[in-house]
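Below is one structure, written out as structure tokens, with a few remarks after it.
The values are calculated or read from the model by the stated rules, or taken from the named source; none is laboratory data. Since the model is a prediction, treat every value here as computed from it, not as a measurement. Please note: Cβ atoms are built from the backbone with ideal geometry, for glycine as well, and neighbour counts cover all protein chains shown. Ligands, DNA and RNA are stripped out before the accessible areas are found, and what is left, the full protein with its side chains, is counted by its heavy atoms. Shrake-Rupley method; radii C 1.70, N 1.55, O 1.52, S 1.80 Å.
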Amino acid sequence: MSSTCWQITFHPQSEPTSAFEDFLSEFFEVTSQNYRSQGFDEYIGYTSSTFDEAKMLEFAASLGLSLPPYDVSELKSENWLKDYVIKFAPFEVGRFCIYGIHEQTTPKTEKIPLQIYAATAFGSDHQTTRGCIEALCELKLQGFAPKKILDIGTGSGILSLCAAKLWDDADILASDIDDEATIVTNSNAATNSLSSHIEAITADGYRSEVIKDFCPCDLVLSNILANPLIAFAPELASALKDGGYCVLSGFIDNQVDDVISAHSNQGLELIKLYSHDNWRAALMQKKVK
């Protein structure tokens, strides 16, 4: 890991658009978000390469985007990713206690402990992650027992890890378009003694023969962004068994109708919506024909 990193902190004056989300994910190596009880959240991009402000502005313009005010800082560290991005405090959600790999000891808790190295998948303590974990825990409480689980856009693999702990006889296939996320998911599975339950692969959405051979599934997890969720809706429906469930997240309040309707048009029914600040997660079920 490079010892120098550039941190660009954006201060939106209005609700961020999907174009701004696309800009962040495509331009920066790592992104994160600072939640604020008042006003709009800060969005942060990190890059270990030399920061070229003109190139950033040119790329934003190519997306038809006018960037909000931002600050630029140079970070120096032996491991900037660990020191500045993924050092989150332990948190409890549902049946789980999630804590970072930087912690020296397992937190004292009655919950199921999971140790996470987030790396490029910074969002282990993201509001959308919390909503997804709550949905999984409710499915378990209701007696749902999936045998095949597909995690699209797995990131750190946190949802696959939680699913493996809840259903230890399920086969779980986790995928991400980013090779680094696949590496981190495999690492996190090993750290938590779950490698035998989770297979992580690099794939662009559902476009993989491994995924096609694995499906149909009882449960699909996808915590990504609104636009890809909407685009993937037909493929998700095809990958899901009749009566199966999906947990979707990565969208905000004003995107709910678009995300839900895209999946409703494919024969899925909204079961429950989960809210954390302005972020939403949805539990949906494929209707039995």
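Residues that are under 19 Å from the mean Cα position of the chain (by Cα) and touching a residue at least 40 places away in the same chain (Cβ under 8 Å) were ranked within region 240-250; the one that is most open to solvent (accessible area, probe 1.4 Å) is Tyr245.
Scanning region 256-277 for residues that are in contact (Cβ under 8 Å) with a residue 40 or more places away in the chain and surrounded by fewer than 20 Cβ atoms within 10 Å (Cβ to Cβ) turns up Lys272, Ser275, His276, Asp277. Tell me yes or no: at least one residue of region 39-61 is in contact with an Asp or Glu (Cβ under 7 Å, 6 or more places away or on another chain) and modelled with pLDDT of 85 or more. For region 39-61, residues in contact with an Asp or Glu (Cβ under 7 Å, 6 or more places away or on another chain) and modelled with pLDDT of 85 or more: absent.
Can you name the residue in region 142-157 that is modelled with pLDDT under 95 and open to solvent by 10 Å² or more (accessible area, probe 1.4 Å) and, of all such residues, is farthest from Val220 (Cα to Cα)?
Our first condition is that a residue be modelled with pLDDT under 95; within region 142-157, this holds for 153-157.
Subset that is open to solvent by 10 Å² or more (accessible area, probe 1.4 Å): 153-155.
Values: Gly153: 11, Thr154: 11, Gly155: 15 Å.
Going through the qualifying residues, I end up with Gly155.
Asp242 satisfies every condition listed in (1) modelled with pLDDT under 95; (2) of a type in the set (D, E, K, R); (3) over 27 Å from Ser25 (Cα atoms) except (1).
Residues in region 54-73 that are open to solvent by less than 40 Å² (accessible area, probe 1.4 Å), part of a loop (DSSP other than H, G, I, E, B) and among the hydrophobic types (A, V, I, L, M, F, W, C): Leu65, Leu67. With respect to (1) open to solvent by 30 Å² or more (accessible area, probe 1.4 Å); (2) of a type outside the set (D, E, K, R); (3) modelled with pLDDT under 75, the lone exception for Phe88 is condition (1). Restricting attention to region 158-202, the residues that are open to solvent by 10 Å² or more (accessible area, probe 1.4 Å), small (Gly, Ala, Ser) and closer than 18 Å to Glu29 by Cα add up to 0. Looking at Thr31, Thr4, which is the one that is under 21 Å from the mean Cα position of the chain (by Cα) and at pLDDT below 80? The match here is Thr31.
Taking every residue in region 208-234 that is within 15 Å of Leu283 (Cα to Cα) and pairing it with any residue that is in a loop (DSSP other than H, G, I, E, B) and open to solvent by 40 Å² or more (accessible area, probe 1.4 Å), at least 6 positions away or on another chain, the pairs with Cβ-Cβ distances below 7 Å are Asp218/Lys147; Ala233/Gln266. Residue-level check: of (1) at pLDDT 85 or above; (2) touching a Lys or Arg at 6+ places or on another chain (Cβ under 9 Å); (3) open to solvent by 70 Å² or more (accessible area, probe 1.4 Å), Phe96 misses just (3).
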